[in-house]
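Down below is the structure, laid out as structure tokens.
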Amino acid sequence: MGELAEPHSMHAERGAPTPAFRVLVVDDDPDMCSFLARLLRQEGMSVDTAGDGHAAIVRVMTSPPDLILLDVMMPGPSGFDVCRELKGDEATALIPIVLVTTLEDQDSRVRGIEAGADDFLTKPVNREELLARVKTLRRLHETRRELEGRRLAAEIERKEAIRRAFSRYVAPRLAERIIHNLGENGGLFEGRAQRIDVVALFADLRGFTRLTERVEVGEVVEMLNEYFRVLTEAAYHNDGTIFNMAGDSLLVGFNVPFAQADAPIRAWRTAREMVSRFAPIAALWEERTGFGTGVGIGICAGEAIIGNIGSPHYMSYTVIGNPVNVAARLMQMAAADEVLICGPLYGQLKGLLPAGGVQARGDVTLRGRSEPIPVYSIKITPGAS
């Protein structure tokens with residue numbers, strides 16, 4: 001009795017009520033069912049009964065017990081059959097099963113072991129032997145349940161840590177997709193480098209260096225935090241992935257880490273939202289400092305490489321390649337509230353850009369490139385649709 005009470009008292013000290021240990025007794029002999037059930041209930045266990053193999057399987061599937069005492073010789077499915085079916089199902093495989101039988105020959109024991117039985121009892125059942133075996137299996141069950149609880153808690157904490165880390169780069173709903181698709185090897189952010197088509201967007205604060213000369217040092221960080229907050233909100237709203245944030249520049253990628261057939265559209269909407277979301281903040285800054293500012297944006301599409309780049313001491317998931325370099329150069333050329341896009345991207349966005357709001361800059365030779373590329377300019381009026 002004391003051995004059975006111990007787990008309950010341990011859980012009670014932790015403030016968690018312990019559910020009654022549930023046993024399913026399966027036997028086509030009603031007297032044997034009643035006898036076994038009475039012995040177990042006297043030990044504080046919850047007992048259910050079933051009169052044949054079919055009923056037993058239904059009971060287990062609808063309300064899985066903590067232990068099964070299973071008669072071997074029954075009409076319909078035998079105890080061997082029921083045991084084999086339950087042990088073959090992932091949902092019920094861990095439930096301990098004790099085969100109760102009059103069969104004492106070695107072949108029957110071997111059949112029981114092959115069916116997956118955890119233990120055996122021989123009829124007529126001895127009370128002390130029954131309780132000893134049940135208590136042993138109960139302790140094993142509770143230990144297994146505690147270990148499973150710890151494993152689940154550790155898995156939840158691991159996924160939460162990954163979610164927090166990924167949320168620094170991607171929108172919350174993309175982070176959830178990454179968590180859902182995590183594999184044994186750590187998922188998307190730990191695989192090999194890939195060469196894929198991306199849309200790269202670079203945003204930068206115009207004239208911020210001169211603006212900082214007019215405010216106290218302590219205000220600079222607060223102002224940058226305001227600026228990056230609204231820009232990252234715009235990126236996340238359109239499921240962009242943030243690859244880099246340095247100084248007052250921000251690099252956002254689309255069509256990565258998940259494919260986005262409408263990546264160019266997402267990039268354009270992000271640029272427009274960045275300007276609109278930052279406009280009220282820029283107005284307050286100008287009122288306070290007398291200096292006007294805005295966001296300059298460059299966008300380009302093309303093939304790039306994504307992957308973990310760095311050293312054993314510092315690693316970063318990043319994107320490199322021609323569209324990133326071109327977007328950076330276009331950003332440097334853009335005026336406040338201006339978006340510069342490369343020619344190939346313009347072809348994909350032409351029907352979505354504001355009528356009469358696009359100006360061709362002609363073929364422009366960018367620093368680091370030998371061949372000029374066509375560039376188009378869109379001046380965004382904050383608040384306009």
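Quick notes on this one:
- A quarter of the convex hull surface defined by the alpha-carbon atoms of segment 2-154 gives 9.3 nm² as the mean projection.
- Angstrom value of the Kirkwood radius, inverse mean 1/r, which spans all Cα pairs in segment 185-282: 14.8
- A straight line joining the Cα centroids of segment 223-245 and segment 85-139 runs 61 Å.
- Descending semi-axes in Å of segment 50-140, equivalent ellipsoid built from Cα gyration tensor: 19, 16, 13
- Label reach from Glu148 (point 7 Å along Cα→C-beta): in segment 58-91, amide nitrogens under 19 Å belong to 58-70, 83-91.
- Qualifying GluC sites (Glu not before Pro) for segment 220-253 [loop in DSSP, other Cβ within 10 Å: at most 16]: none
- DSSP-loop chymotrypsin sites (Phe, Trp or Tyr not before Pro) across segment 236-330, with at most 10 other Cβ within 10 angstrom: Tyr314
- Stokes-Einstein diffusion of segment 189-379 at 4 °C, 1.567 mPa s viscosity, Kirkwood radius from Cα pairs, rounded to a whole number: 76 µm²/s.
- Which of Thr122, Val72, Ile57, positive extreme of dipole for segment 2-154 (C-beta unit charges): Ile57
Read-outs throughout are calculated quantities, based only on the coordinates presented, and are distinct from any laboratory measurement. Computed from a predicted model, the values in this text were never measured in an experiment. Here Cβ is always computed from backbone atoms with ideal geometry, including for glycine, and neighbour counts include all displayed protein chains.
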